[in-house]
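First comes the structure, then the notes that go with it.
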Amino acid sequence: MIPSVLPTYNRAPLSFTHGEGSWLVEADGRRFLDMGAGIAVNALGHAHPALTRALTEQAGKLWHVSNLYQIPEQEALADRLVEATFADTVFFTNSGTEACELAVKMARKYWSEKGHPEKTDIVTFSGSFHGRSSAAIAAAGSEKMVKGFGPVLPGFTHVDWGDHEGIRDAVTETTGAILLEPIQGEGGIRTMPDHCLQGFRQLCDEKGLLLILDEVQCGMGRTGKLFAHEWAGITPDIMMVAKGIGGGFPLGAVLATEEAASGMTAGTHGSTYGGNPLGCAVGLEVMKHVADADFLSEVRRKAGALRQRLESIVATHYDVFEEVRGHGLMLGLKCVVPNTDVVQACYEHELIAVPAGDNVVRLLPPLTLTDEDIAEAVHRLDRTATAVSLKSKAPA
């Protein structure tokens, strides 16, 4: 018999009842150190007092009115994002998947309004992940994502990750945009080098294309800057944001320049819940923290300390781990053994980690984790690796 919750997830047998900071408490009382943050969502940790206060205060005033009316909290958050980024305008969604849908629509509408409706194609990269809607799985293009869901939405050209010549060759007269993640999350914490991002920006400028960045996972302070592309000194034309922007409350956004968004006039897109007062009140509070220069400096410091200790773990447990990947507090451990074995062993040592492609285990902790949390996480990871190593060497 099918369960009441559609069984599309391989869920771990863990039920968390509450959390605080970097810690989660299981129903049986065990305390887990959360180095996954709900897949890079809980940027300020669990039950952050400022976020709790912002949500409850707004909940006592107004939850929802729809986008038929002006929403002051939405306008305030949009103003703050525009002030802090390249963008001139923002559309709020409920998720990264919805942000992807709009980004694709926005790029195609731009060219249609410019008198080039043939420029529908978007170049994307292997190993990418942009969500699970029809446009998002077509953009990723992997067999795992699209199998059984045909016909696949046309208009996407896939290039091997890191193939610079391939992406240039993929641009044709029907190409309108390039879409990529500065750091691939689901793809295995693969960081696009700064010079590559700069090259893609130059290519878009040369060919007159739009550059779309997916910063759903790597944005909102996770790399030690507000957005990951800032390290390369470039700006996109369109950017997808979600996860950390709501600190755990469902919220996403598409940020764009005035030019890129010029085709999106009244009636071209909409959302019943997107940008509701609750989500935007929380998002405003998140921005107060993650856009602060001192906060970001601390993220960089803690990221450096964590990475240094992880490099030591890799050197010690070379039969379990191959290398450390990533930037800031978006880190991955490339595994020698199956990454699922490592994640399971982490659970057994009351540590939360997240699997990814390319046999990688992701570490995506709250940006607010303490030095004590870092030390404890590395201690538990060391014990985890020892257990995995012993198990792998045990006779069958």
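Structural remarks
- Test result for residue 266, under 17 Å from residue 75 (Cβ atoms) and surrounded by fewer than 16 Cβ atoms within 10 Å (Cβ to Cβ): yes
- Residues that are assigned to a helix (DSSP H, G or I), of a type in the set (A, V, I, L, M), surrounded by 12 or more Cβ atoms within 10 Å (Cβ to Cβ) and out of contact with any Phe, Trp or Tyr (no Cβ under 7 Å at 6 or more places or on another chain) occur at least once in the range 66-77.
- If you go through the range 122-160 and keep only what is assigned to a loop (DSSP other than H, G, I, E, B) and among the small types (Gly, Ala, Ser), you end up with 126, 127, 128, 131, 133, 141, 142, 148, 150, 155.
- Selection from the range 214-231 of residues that are touching a His at 6+ places or on another chain (Cβ under 8 Å) and surrounded by fewer than 24 Cβ atoms within 10 Å (Cβ to Cβ): 224, 231
- Test: residue 319 is modelled with pLDDT of 95 or more, over 25 Å from residue 225 (Cα atoms), part of a loop (DSSP other than H, G, I, E, B) and out of contact with any helix residue (DSSP H, G or I) (no Cβ under 8 Å at 6 or more places or on another chain): no
- Residue in the range 78-107 that is nearest to residue 282 (Cα to Cα), counting only those that are surrounded by fewer than 20 Cβ atoms within 10 Å (Cβ to Cβ) and charged (D, E, K, R): 80
- Every test in (1) out of contact with any Ser or Thr (no Cβ under 8 Å at 6 or more places or on another chain); (2) surrounded by fewer than 16 Cβ atoms within 10 Å (Cβ to Cβ); (3) in the same structural domain as residue 71 (by TED's automatic domain parsing) is passed by residue 258 save one, and that test is (1).
- Cβ pairs under 6 Å, 6+ apart, first in the range 63-81 and among the acidic types (Asp, Glu), second surrounded by 13 or more Cβ atoms within 10 Å (Cβ to Cβ): 73/277; 73/280; 73/281
For (1) assigned to a loop (DSSP other than H, G, I, E, B); (2) within 29 Å of residue 380 (Cα to Cα), each residue gets a yes or a no:
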| residue | (1), (2) |
| --- | --- |
| 223 | yes, yes |
| 240 | no, no |
| 259 | yes, no |
| 273 | yes, no |
| 298 | no, yes |
| 323 | no, yes |
| 326 | no, yes |
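- Residues that are under 17 Å from residue 244 (Cβ atoms), acidic (Asp, Glu) and assigned to a helix (DSSP H, G or I) within the range 275-296 comprise just one, 285.
- Selection count where residues are farther than 27 Å from residue 184 by Cα, in a loop (DSSP other than H, G, I, E, B) and polar (S, T, N, Q), scope the range 1-44: 2
- Reported count of residues in the range 78-121, each being in contact with a helix residue (DSSP H, G or I) (Cβ under 6 Å, 6 or more places away or on another chain), among the polar types (S, T, N, Q) and assigned to a strand (DSSP E or B), is 1.
The values are calculated or read from the model by the stated rules, or taken from the named source; none is laboratory data. Model, not experiment: these values are computed from the prediction. Glycine also receives a Cβ, built like all others from the backbone with ideal geometry; neighbour counts cover every protein chain displayed.
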